[in-house]
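The values are calculated or read from the model by the stated rules, or taken from the named source; none is laboratory data. All figures in this text were calculated on a predicted structure; none of them were measured in a lab. Note that each Cβ is placed from the backbone with ideal geometry, even for glycine, and that neighbours are counted across all protein chains shown.
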Amino acid sequence: MGLLRNRDDDAPVRRFQMRERLLSIGDDYWIDDESGQHAFLVDGKAMRVRETWILKDAGGNEVAEIKERMLSVRDKMKIHLGDRSATVTKRVLGLRDHFHVDVDGGDDLKVHGNIVEHEYEIERGGDTVAEVSKKWFRVRETYGVEVVADTDPVLILAVTVAVDAMTDGAD
């Protein structure tokens, strides 16, 4: 895939393949790793008052819960990662959507770029820690996520699921 720009080419990265716009409640789908193996399952929970997705590892263990925040002024999603959490907030700046991720006990993240087209970056402290793009795949409704090695891939993938859910219907 080779997504991340402005990085040392020898720096290790993890790559994942996700499906585009298939995040309806009750929908489940696999996130595959760079070798094509199932890495995580996104389990859409039907019959809930608010939108909820559970991210499970390949062994079926819950590693994150992504949940819509009810009664908030701005669009927000809460991510629970075991003993940690993060809140994804949508911000409209001009004609483009931007997202801020408040990571409890860690450095916050910024998500910016062409969100609707799945061409965006995730930054921490001004450094790009992940890139999302669909230009490497000819398969329709598929895009890639590349994560630098020192960044938690579960957090990045959960943020990606939240961003997808918050922009669903924007195109």
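General observations
- Residue match in the range 121-137 (condition: within 18 Å of TRP30 (Cα to Cα), modelled with pLDDT under 90 and assigned to a strand (DSSP E or B)): no
- Only one of the numbered conditions (1) loosely packed, with under 14 Cβ neighbours inside 10 Å; (2) modelled with pLDDT of 90 or more is violated by ASN114, and that is (2).
- Applying the criterion of being assigned to a loop (DSSP other than H, G, I, E, B) and within 25 Å of ARG84 (Cα to Cα) to the residues of the range 96-120, the residue that is farthest from the chain's Cα centre (by Cα) is GLY105.
- Contact annotation: residue pairs with Cβ atoms under 6 Å, 6 or more positions apart or on different chains, pairing a residue in the range 112-127 that is within 16 Å of ARG19 (Cβ to Cβ) with a partner that is surrounded by fewer than 16 Cβ atoms within 10 Å (Cβ to Cβ) and not small (Gly, Ala, Ser), are VAL116/ASP171.
- First in the range 134-148 and closer than 17 Å to ILE122 by Cα and among the charged types (D, E, K, R), second anywhere and at pLDDT below 75 and assigned to a loop (DSSP other than H, G, I, E, B), Cβ under 6 Å, 6 or more apart: GLU146/MET1; GLU146/LEU3; GLU146/LEU4
- Residue that is modelled with the lowest pLDDT [pool: residues in the range 52-69 that are part of a loop (DSSP other than H, G, I, E, B) and under 20 Å from ARG84 (Cα atoms)]: ARG69
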